[in-house]
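The values are calculated or read from the model by the stated rules, or taken from the named source; none is laboratory data. Quantities reported herein were computed from a predicted structural model and do not represent experimental measurements. In this analysis, Cβ positions are derived from the backbone assuming ideal geometry, glycine residues included, and neighbour counts consider all displayed protein chains. Surface areas here come from the heavy atoms of the whole protein model, side chains and all, with no ligands, DNA or RNA. Shrake-Rupley method; radii C 1.70, N 1.55, O 1.52, S 1.80 Å.
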Amino acid sequence: MNARAALFASLLALGCSTAARAQPIQVNNAGLEISETRYLLNADFHLDLGGPLLEALKNGVSLGFLVEFELTRPRWYWFDERTTFEKLELRLSYLTLAQQYRLSSGTLYQNFQTLAKR
């Protein structure tokens, strides 16, 4: 199975969700690099935070996101083989005093002046 077919199969299993439902999160592009010991997935997501979600964020409510990645290899003689599975939990919050947005995963975080794409 080539890497491109594996990538498209994995994108079917890619799920993103928010605590409060908004418009669906779109995957703009994705790329999979395979080395001898690991897989590296680069993905670009598009999310419109409008109305109630943006207001909640500005009022101190953190928004949680879950990105799941599963890579499977089809087999004709048995069930599909699960090559790898990863979860990434992200949290978006607004820091009122600093007037910055913070995107964090566990203890790692990055601050942004705006939600707009650079």
**OP:** Would you please name the residue that is farthest from Phe45 (Cα to Cα), looking only at residues in the stretch 94-106 that are of a type in the set (Ser, Thr, Tyr) and open to solvent by less than 50 Å² (accessible area, probe 1.4 Å)?
**Re:** Tyr94
Original post:
For the stretch 47-118, which fully contained strands (runs of 3 or more DSSP E) count at least 2 residues that are among the hydrophobic types (A, V, I, L, M, F, W, C) and touching a helix residue (DSSP H, G or I) at 6+ places or on another chain (Cβ under 9 Å)?
Top reply: 63-73, 81-95
Original post:
Within the stretch 74-81, can one find any residue that is in contact (Cβ under 8 Å) with a residue 60 or more places away in the chain and open to solvent by less than 100 Å² (accessible area, probe 1.4 Å)?
Top reply: yes
Original post:
Going through the stretch 34-46 one residue at a time, which ones are assigned to a loop (DSSP other than H, G, I, E, B) and either under 16 Å from Tyr101 (Cβ atoms) or open to solvent by 70 Å² or more (accessible area, probe 1.4 Å) (or both)?
Top reply: Glu36, Thr37, Arg38
**OP:** Can you confirm whether the stretch 86-93 contains a residue that is more than 25 Å from Ile34 (Cα to Cα) and open to solvent by 50 Å² or more (accessible area, probe 1.4 Å)?
**Re:** yes
**OP:** Kindly indicate whether Leu71 is touching a strand residue (DSSP E or B) at 6+ places or on another chain (Cβ under 6 Å) and at pLDDT 85 or above.
**Re:** no
Subject >> Filter result (within 12 Å of the chain's Cα centre (by Cα), open to solvent by 40 Å² or more (accessible area, probe 1.4 Å) and of a type in the set (A, V, I, L, M, F, W, C)) within the stretch 57-73 >> reply: Leu66
Subject >> Meets criteria (at pLDDT below 80 and open to solvent by less than 60 Å² (accessible area, probe 1.4 Å)) for Ala5 >> reply: yes
